[in-house]
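Q: First the structure, then my questions, so here it is.
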Amino acid sequence: MTEPKPPAQLQMVWPLRRLDAPPAAHVPAGYGVRAYRPGDEARFYGLMALAGWPGWDDAKLKPYLARTLPGAWFFAVQEESDLIVASAMGIHDHSEQHPFGGELGWVAGDPAYAGKGLGRAACGAVTARLLSIGYRDIHLYTDDWRLPAIKTYLKLGYVPFLCGPDMPARWQALCGQLGWPFTPECWPTWPRDGERDG
């Protein structure tokens, strides 16, 4: 007997109508957003473990680093200590649905600093960078149970991507859980034609 195939990850996209409107990266007093610097890796691996992705090391990072776009890996940091408390990467993603896509990926935050908007600030910086270097297909992958992350992406300006037949029902359930408007008539479908990217 074969194991049932897990559901495809959810996808969200930056609306085509907002290609000229990058999100603002607001951070509370005492925090800032900066780009990756050599030597940040050890704290990043620790951050990933705190966020629920243990086992990161140089070998695991290497293939992602090869696809991370120049100047598109951002951290939210405590200004006084330069402690990294949130991270997000801008990655080149080539797939059937995204033939020349820029992916907002590996978003992680230290739970001890949750609720300050720091993950959203790092994501906003990545999105702005991808827009500035000409990406029109900016997207991310996530899971149904990552409710705080999904709410962060929605607040930032991303919209659900109805890339499969099961997506409307899944997003209807999520919008109900999050108290977010369910407006599938405004969300893009695959293939994207630009007409519904509201």
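Q: Which of the residues spanning region 83-109 are in contact with a helix residue (DSSP H, G or I) (Cβ under 6 Å, 6 or more places away or on another chain) and surrounded by fewer than 20 Cβ atoms within 10 Å (Cβ to Cβ)?
A: Scanning region 83-109 gives a single hit, HIS92.
Q: Same structure, new question: Looking only at region 120-141, count every residue that is over 19 Å from PRO160 (Cβ atoms), surrounded by 20 or more Cβ atoms within 10 Å (Cβ to Cβ) and small (Gly, Ala, Ser) and tell me the total.
A: 3
Q: Mind checking which pairs have a first residue in region 158-177 that is farther than 13 Å from TYR141 by Cβ and surrounded by 19 or more Cβ atoms within 10 Å (Cβ to Cβ) and a second that is at pLDDT 95 or above and among the charged types (D, E, K, R), Cβ under 9 Å, 6 or more apart or different chains?
A: Hits for this filter: LEU174/ASP144.
Q: For residues that are surrounded by 10 or more Cβ atoms within 10 Å (Cβ to Cβ) and not in a loop (DSSP other than H, G, I, E, B), tally how many sit in region 3-60.
A: Qualifying residue count, region 3-60: 24.
Q: Please tell me if GLY117 is in contact with a His (Cβ under 7 Å, 6 or more places away or on another chain) and either surrounded by fewer than 21 Cβ atoms within 10 Å (Cβ to Cβ) or within 24 Å of TYR36 (Cβ to Cβ) (or both).
A: Details: in contact with a His (Cβ under 7 Å, 6 or more places away or on another chain): yes; either surrounded by fewer than 21 Cβ atoms within 10 Å (Cβ to Cβ) or within 24 Å of TYR36 (Cβ to Cβ) (or both): yes.
Yes; evaluated as a whole, the condition is true for this residue.
Q: I want to confirm something. Restricting to region 61-80 and keeping residues that are assigned to a strand (DSSP E or B) and of a type outside the set (Phe, Trp, Tyr), which single residue is surrounded by the most Cβ atoms within 10 Å (Cβ to Cβ)? Explain how you work it out, then say what you get.
A: Just the residues of region 61-80 that are assigned to a strand (DSSP E or B), to begin with: 68-78.
Filter again for of a type outside the set (Phe, Trp, Tyr), leaving 68-72, 76-78.
On the way: THR68: 20, LEU69: 17, PRO70: 9, GLY71: 14, ALA72: 25, ALA76: 29, VAL77: 23, GLN78: 15.
Here the residue is ALA76.
The values are calculated or read from the model by the stated rules, or taken from the named source; none is laboratory data. Please read these numbers as outputs of a predicted model, since none were measured by experiment. Here Cβ is always computed from backbone atoms with ideal geometry, including for glycine, and neighbour counts include all displayed protein chains.
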